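Every number here is computed from the coordinates shown, using simple stated rules; none is lab data. Nothing here was measured: the structure is a model prediction, and the numbers come from that model. Please note: Cβ atoms are built from the backbone with ideal geometry, for glycine as well, and neighbour counts cover all protein chains shown.
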């Protein structure tokens, strides 16, 4: 699929994987719209790449719809990349053996899974009204935690497992509109979520990866996004980007 002369909507585009993706797509000639929280540096990033910033919440239907509409106003919306997400720990029992905080579980699932579905739904409605047989591609972000989640990750694993599980049925549904749907499941990536750890801890995590024994780079995620966009026969698939790591229980 040719991306020049089109627009892309990137959620969570103000940092981490989303930021790398927004920059890569803009460098390739795409008009990029970033949907991120009002407190994010999204406006500065959009100005840097010549794109558009929409302050909003991925779990809000009006915000997601407005972002898709704004992206489509700049150029035909053909690319959606969902990177917005959170990854706080949420165990079943606390240190004293008491039940977990249900609200914490719900928040993670709402942002990571429901937020992704919301953006897919709102953006697909705009993309489906486009012209031509090939109307675009939607790329979601799961995690290797969807397959081998660790202790403390039941909510995160459930949310990312849901993103993986809905990839195929959504791809099948949107096929009649000429819209492809794929998911990337990153491993241990060098993102702001890990940046707060001591350097020794980051190196230790990287050494757990079979090869290359290091943290994954946001630019490598962005490169896979571009590969999925370019390859019209990739559809309905979840692709692990993890250096062959299989996570230990903890």
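Residues of region 213-250 with the amide nitrogen closer than 16 Å to a label point 7 Å from the Cα of residue 165, along Cα-to-Cβ, please.
Label zone hits: 238.
May I ask you to give the average projected area over all directions of the convex hull of the Cα atoms of region 28-94, in nm² rounded to one decimal? All intermediate terms of the calculation are to be shown ahead of the outcome.
Details: hull surface 24.4 nm².
Its Cα hull, projected and averaged over all orientations, spans 6.1 nm².
Could you work out [θ]222 nm for the chain from helices alone, using -39500 (n - 2.57) per DSSP H run of at least four and dividing by all its residues? Round to the nearest 500 deg cm²/dmol. Mind showing how you got there, number by number?
Numbers: 10 runs with 106 residues, N = 250.
So the helix-based figure for the chain works out to -12500 deg cm²/dmol.
Within a 10 angstrom radius of the beta carbon, how do 134, 96, 44 rank from fewest other beta carbons to most?
Numbers: 134 14, 96 5, 44 10.
Fewest-to-most Cβ neighbours within 10 Å comes out as 96, 44, 134.
Using only the alpha-carbon atoms of the chain as identical scatterers, what base-10 log of I(q)/I(0) does the Debye formula give at q = 0.14, 0.16, 0.17 Å⁻¹?
Cα-only, vacuum Debye calculation for the chain: -0.89, -1.16, -1.29.
Work out, step by step, the length gained on full extension between residue 172 and residue 134: first 0.36 nm times the residue separation, then minus their alpha carbon distance; give nm to one decimal.
12.2 nm
Which FRET efficiency value, to the nearest 0.05, do you get for residue 27 and residue 239 by plugging their Cβ-Cβ distance into 1/(1 + (r/R0)^6) with R0 = 25 Å?
That pair, residue 27 with residue 239, gives E of 0.70.
How would you rank 183, 21, 191, going from fewest to most other Cβ atoms within 10 Å of each one's own Cβ? Kindly include the intermediate steps, with their values, before the conclusion.
Working: 183 28, 21 31, 191 21.
Fewest-to-most ranking of 183, 21, 191: 191, 183, 21.
Measure nothing but the geometry: give the 0 to 90° angle between the long axis through the Cα atoms of 16-27 and the longest principal axis through the Cα atoms of the chain, rounded to 10°.
For 16-27 against the chain, the angle is about 20 degrees.
Order of 69, 52 from fewest to most other C-beta atoms within 10 Å?
Values: 69 17, 52 21.
Final ranking by Cβ density, sparse to dense: 69, 52.
Can you pull the Kirkwood radius for region 71-188, inverse mean 1/r over Cα pairs, to one decimal in Å? Show your work: numbers first, answer last.
Values: mean 1/r = 0.0655 Å⁻¹.
Averaging 1/r across every pair of different Cα atoms and inverting gives 15.3 Å.
Working from Cα positions, state the angle (0 to 90°, nearest 10) between the long axis of helix 154-174 and the longest principal axis of the chain.
Once rounded, one gets 30 degrees.
Counting alpha carbon pairs within less than 8 Å and at least 6 residues apart, what relative contact order, in whole percent, applies to the chain?
So the answer I get is 20 percent.
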